[in-house]
Amino acid sequence: MRKSNARLGILLVNLGTPDAPTAASIRRYLREFLSDPRVVNIPRLVWLPILYGFILPFRPKRLVENYAAIWMEEGAPIRHYTAKLAQKVEADLESEPLSRPVRVLSAMTYGNPSIRQTIASLREDGIDDLMVVPLFPQYSAATTAAVFDKLAAAVKHSSRLGDLRFVDDYFESSQYIHALTKSLEVQARHLDKGAKIIFSFHGIPKAQEKAGDPYPKKCFKTAELIAHSSGLNDDQWLTTFQSRFGPAPWLQPYTDKTLEALPAQGIRRVVVVCPGFATDCLETLEEIQVENRDIFMSAGGDEFTYIPALNDSDEHVQVISQLILSRLYRNESLSQ
């Protein structure tokens with residue numbers, strides 16, 4: 001029988017990043033990321049020649065400047081903020097009257113620190129029981145399920161499986177909605193000037209939605225809850241999808257095309273928030289704050305405001321801490 005005071009390891013898992021803003025590091029990262037069938041579900045015989053023949057030889061060089069522009073002194077923003085969030089969540093949980101001590105670490109689905117490496121580190125410290133929290137509020141097969149695959153592979157040959165707990169999503173968590181609503185309140189002055197709120201989520205191919213992925217519905221529900229909590233009228237906000245690549249249709253409306261069209265419709269001020277991104281990364285700091293801002297301003301926009309991700313803010317710490325506690329207590333009550 002497992003001791004009741006055995007430590008519980010908690011993994012906060014984000015998407016990933018290259019180790020450095022160099023072509024070689026970006027190529028290694030993209031190879032792992034884009035080779036995952038969860039991410040690109042095109043038949044391997046079709047996709048792999050495209051990946052190795054066209055994408056990996058050329059795209060990493062084009063991305064060096066983009067990654068370099070967002071790189072922090074501490075390294076990649078997504079890795080830095082996820083690690084800081086894990087540290088702060090652990091400190092916050094230490095103040096709770098828990099039935100067992102916890103250790104909170106960060107990991108990446110792709111790149112470093114990997115899920116496998118992080119679990120091995122916990123096992124070396126004698127921690128077998130594990131709760132994995134993918135930092136993707138809205139479940140998708142391309143993100144949350146990919147984390148589950150990596151987790152399964154990491155423990156597949158382990159002689160000590162332990163108690164494994166997995167959080168699937170938290171797209172309508174009251175703490176999560178409150179934290180995002182609070183971040184919007186800071187920009188309330190823009191609404192008085194007629195600004196439109198754009199809730200921009202990462203897109204997925206339409207084919208994945210047709211295959212049954214519930215992700216789009218969860219994104220629309222999150223945006224609806226934030227808008228309602230913020231007291232927004234229907235004409236004050238929009239939900240869009242970003243980060244598409246390739247010729248196949250993705251979830252619409254597209255963020256870039258929407259921003260390009262708004263000035264002609266009389267909307268010259270926008271506030272963009274990305275609720276699906278737990279921490280800032282290339283897709284928010286470069287794609288939204290630089291590329292999409294340029295698209296909007298070039299089309300005749302007057303003011304573009306990006307609201308940072310929750311990152312390692314106190315509000316985000318509370319979101320994740322309460323999520324962990326709710327799952328921990330629920331599981332413990334079920335086992336009694």
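What the pair-distance distribution of region 1-54 shows, using all Cα-Cα distances binned every 10 Å from zero, is 19, 33, 22, 13, 11, 2 percent. Close lysine pairs were tallied over region 183-336: pairs 8 or more places apart or on different chains with Cα atoms under 25 Å apart number 15. The distance from the alpha carbon centre of region 124-175 to that of region 221-274 is 30 Å, rounded to a whole number. Could you tell me which of rounded, prolate or oblate describes region 178-271, using a ≥ b ≥ c as the square roots of the eigenvalues of the alpha-carbon gyration tensor, with rounded for a/c under 1.5 and, failing that, prolate when a/b is larger than b/c and oblate otherwise? It comes out oblate by the Cα gyration axes.
With +1 on each Lys and Arg Cβ and -1 on each Asp and Glu Cβ, how big is the dipole of the chain about its Cα centre, in debye rounded to the nearest 20?
With only Lys, Arg, Asp and Glu charged at Cβ, the dipole is about 1060 debye.
Report, to the nearest 10°, how far helix 77-94 tilts away from the longest principal axis of the Cα atoms in the chain, using its own Cα long axis and a range of 0 to 90°. The two axes meet at around 50 degrees. Ordered from largest to smallest accessible area (heavy atoms of protein chains, 1.4 Å probe), the residues K193, K84, K218 come out as K193, K84, K218. The C-alpha atoms of the chain define a longest principal axis, and helix 56-70 lies at about 90 degrees to it. For the chain, relative contact order (Cα pairs under 8 Å, six or more residues apart, normalised by length) works out to 20 percent. Quick check on region 216-309: take the gyration tensor over C-alpha atoms, sort the square-rooted eigenvalues as a ≥ b ≥ c, and tell me if it's rounded (a/c under 1.5), prolate or oblate. Verdict is rounded for region 216-309. Using a Gaussian network model of the chain in which every pair of alpha carbons under 10 angstrom is joined by a spring, one finds that among K210, K182, K61 the greatest mean-square fluctuation is at K210.
Label separation (A24 vs Y52): 2.1 nm, computed from points 7 Å beyond Cα along the C-beta direction.
Using 0.36 nm per residue and subtracting the Cα-Cα separation, the extra length available between S298 and D163 on full extension is 43.2 nm. Think of it as helices only: each DSSP H run of n ≥ 4 in the chain is worth -39500 (n - 2.57), and spread over all residues that comes to -13500 deg cm²/dmol at 222 nm.
Out of all DSSP beta bridges with both ends in the chain, state the antiparallel percent to the nearest 5.
Bridges in the chain that DSSP calls antiparallel: roughly 5 percent.
Using the Cβ-Cβ distance between A152 and D314 with R0 set to 41 Å, the FRET efficiency works out to roughly 0.75. Computed from Cα atoms, the angle from the helix 115-124 axis to the main principal axis of the chain rounds to 30 degrees.
For a paramagnetic label modelled on Q265 (point 7 Å from Cα along Cα→Cβ), amide N atoms under 15 Å away belong, within region 217-248, to 233-241. When the chain is treated as a GNM with alpha-carbon contacts under 10 Å, the residue of A261, A24, A211 showing the greatest mean-square fluctuation is A211.
The values are calculated or read from the model by the stated rules, or taken from the named source; none is laboratory data. From a predicted model like this one, the values you see are computed outputs, not experimental measurements. Virtual Cβ from ideal backbone geometry, glycine too; neighbours counted across all protein chains shown. Accessible surface areas use protein heavy atoms only, side chains included; no ligands, DNA or RNA. Shrake-Rupley method; radii C 1.70, N 1.55, O 1.52, S 1.80 Å.
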